[in-house]
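Colleague: Before I ask anything, let me first share the structure, which is written out below as structure tokens.
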Amino acid sequence: MRALKQTAGRFAIVLAMVAVALSAGAGCSDDFEPYSRLSSLRVLGIAGDPAAPATGETTTLSALVFTPTDEPVTYAWSWCPVPGPSRGGYQCLITEAEANGLLGGGVPPYDLGKDSTATFTNSLPPAFLKQACTPNPQNPIVFNCSKGFPVQIKVVVTTPSKPEGIVAVKTLNLRFDAATPANGNPKLGGLIATIAGVEVAITDDSDPTVTLPRSAETEIKVGLLPEEAELYTLPPDPKQIREYLLLSWFVESGDIDNARTAYQFNAELKETVPIDRARTNKWKPGKLADYPGQLARIVVVVRDGREGVSLVRGRVRLGDVQ
């Protein structure tokens, strides 16, 4: 047990140093295109099902990818217990052999394959993770493990037009204590546009039936139920918490009124942002001169405060009148 505490302490110190490096590595982008504009290969998120696997549980990972065309996409999945900063490409700072040495073997392979989805099994020893998350005199700085032990999931996505690929990462919280609450991914319903006072469903069909005017705002709603903001507790505090939901809105043409909307609560679990405000937005597709395409896509991604994520996609036809 003493050896376990020593290795766990050293491991947690390394993690704390990595946190500082990640913070220092944050920078600014030279790309001034709006965050919500879809014009190039993007990874809009990484989903895990379940969102926070318990010990012995396997999660299925999928990348929420946007491509300007229907060209094929390739994937390269990996995971890491000690990730480096973004400026270094999120390289793992501890090798797979070193991790196996620390834990006495049984570490899942870092390489998670090249399929469109990947699986990761939470097989790390709970006793070790508990020690790594517990303050001790040799380890005064400890990561917050209230949602589980955080590891990094990484995917490199490439297409024929972008062979260098893009990198996306996600924190996957590994539940190693039965008291740590599970988390379901929040779900979104369909998209609805209000045209001339009539609500019409936006689908993701390749030949859409909904036409939106250019250079004019159209109200867009996404299906979101209040119960998708789950109640949970963080032991030993018995007080209930309701998770917030953050919606990110992306459009292929023009502008969206709010790039992000949120469903939030105060400490007494009362809404601070009404559900209707969180699930409603306005889309103003671009002029014909700015966007000559006849079809345009919209994507809404929802995230909760515990790394849960999902999305809904839609496609519309655009009018020819400016």
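The values are calculated or read from the model by the stated rules, or taken from the named source; none is laboratory data. This structure is a prediction, so every number in the text was calculated from the model and none was measured. Neighbour counts are summed over all protein chains in view; Cβ atoms, including those assigned to glycine, are modelled from backbone coordinates with ideal geometry. Surface areas here come from the heavy atoms of the whole protein model, side chains and all, with no ligands, DNA or RNA. Shrake-Rupley method; radii C 1.70, N 1.55, O 1.52, S 1.80 Å.
Colleague: Identify, by number, the condition in (1) within 20 Å of the chain's Cα centre (by Cα); (2) surrounded by 15 or more Cβ atoms within 10 Å (Cβ to Cβ) that residue 227 doesn't meet.
Modeller: (2)
Colleague: Quick one: in the stretch 81-109, of everything that is in contact with a strand residue (DSSP E or B) (Cβ under 8 Å, 6 or more places away or on another chain) and among the aliphatic types (A, V, I, L, M), which residue is least open to solvent (accessible area, probe 1.4 Å)?
Modeller: 82
Colleague: Out of the residues in the stretch 291-313 that are within 15 Å of residue 208 (Cα to Cα), of a type outside the set (D, E, K, R) and open to solvent by 40 Å² or more (accessible area, probe 1.4 Å), state the one that is farthest from the chain's Cα centre (by Cα).
Modeller: Of everything passing the filter in the stretch 291-313, 294 is farthest from the chain's Cα centre (by Cα).
Colleague: All but one of (1) open to solvent by 60 Å² or more (accessible area, probe 1.4 Å); (2) touching a helix residue (DSSP H, G or I) at 6+ places or on another chain (Cβ under 9 Å) hold for residue 70; which doesn't?
Modeller: Status for residue 70: all satisfied but (2).
Colleague: Give just the number: which of (1) closer than 20 Å to residue 46 by Cα; (2) at pLDDT below 95 does residue 178 not satisfy?
Modeller: (1)
Colleague: For a quick check of your reading of the model, give me the residue pairs whose first member lies in the stretch 233-260 and is under 15 Å from residue 45 (Cα atoms) and modelled with pLDDT of 95 or more, whose second is surrounded by fewer than 17 Cβ atoms within 10 Å (Cβ to Cβ) and among the small types (Gly, Ala, Ser), with beta-carbon atoms closer than 9 Å and at least 6 apart or on different chains.
Modeller: 245/262; 246/262; 247/262; 248/259; 249/259; 250/259
Colleague: Among the residues of the stretch 170-198, which ones are under 19 Å from the mean Cα position of the chain (by Cα), hydrophobic (A, V, I, L, M, F, W, C) and buried (at least 18 other Cβ atoms within 10 Å of the Cβ)?
Modeller: Correct list: 172, 174, 188.
Colleague: Shifting gears a bit: Among the residues of the stretch 49-67 satisfying the criterion of being open to solvent by 40 Å² or more (accessible area, probe 1.4 Å) and touching a residue at least 60 places away in the same chain (Cβ under 8 Å), which is nearest to residue 250 (Cα to Cα)?
Modeller: 49
Colleague: May I pose another question? Only one of 123, 116, 146, 78 is surrounded by 12 or more Cβ atoms within 10 Å (Cβ to Cβ), under 24 Å from residue 50 (Cβ atoms), of a type in the set (Gly, Ala, Ser) and touching a Pro at 6+ places or on another chain (Cβ under 8 Å); which?
Modeller: Details: 116 fails: touching a Pro at 6+ places or on another chain (Cβ under 8 Å); 146 fails: touching a Pro at 6+ places or on another chain (Cβ under 8 Å); 78 fails: touching a Pro at 6+ places or on another chain (Cβ under 8 Å).
Exactly one of 123, 116, 146, 78 is surrounded by 12 or more Cβ atoms within 10 Å (Cβ to Cβ), under 24 Å from residue 50 (Cβ atoms), of a type in the set (Gly, Ala, Ser) and touching a Pro at 6+ places or on another chain (Cβ under 8 Å), namely 123.
Colleague: Open to solvent by 10 Å² or more (accessible area, probe 1.4 Å) and over 19 Å from residue 64 (Cα atoms): is that true of residue 201 in this structure? Spell out the reasoning first.
Modeller: Values: open to solvent by 10 Å² or more (accessible area, probe 1.4 Å): yes; over 19 Å from residue 64 (Cα atoms): yes.
So residue 201 fits the description; yes.
Colleague: Are any of the residues in the stretch 260-270 in contact with a strand residue (DSSP E or B) (Cβ under 8 Å, 6 or more places away or on another chain), assigned to a loop (DSSP other than H, G, I, E, B) and among the small types (Gly, Ala, Ser)? Don't jump to the end; show me each part of the working.
Modeller: First, pick out the residues of the stretch 260-270 that are in contact with a strand residue (DSSP E or B) (Cβ under 8 Å, 6 or more places away or on another chain): 260-265, 269.
This time we only want the ones that are assigned to a loop (DSSP other than H, G, I, E, B), so: 264, 269.
Right, trim to among the small types (Gly, Ala, Ser) and you get none.
Checked the stretch 260-270: no residue is in contact with a strand residue (DSSP E or B) (Cβ under 8 Å, 6 or more places away or on another chain), assigned to a loop (DSSP other than H, G, I, E, B) and among the small types (Gly, Ala, Ser).
Colleague: If we only count strands (runs of 3 or more DSSP E) wholly inside the stretch 58-146, which ones have 2 or more residues that are modelled with pLDDT of 90 or more and out of contact with any Ser or Thr (no Cβ under 6 Å at 6 or more places or on another chain)?
Modeller: Values: elements: 58-66, 74-80, 111-113, 117-121.
Per the criteria, 58-66, 74-80.
Colleague: Provide a single number: the residues in the stretch 271-281 that are part of a loop (DSSP other than H, G, I, E, B) and either touching a Cys at 6+ places or on another chain (Cβ under 9 Å) or loosely packed, with under 14 Cβ neighbours inside 10 Å (or both).
Modeller: Number satisfying all stated conditions: 2.
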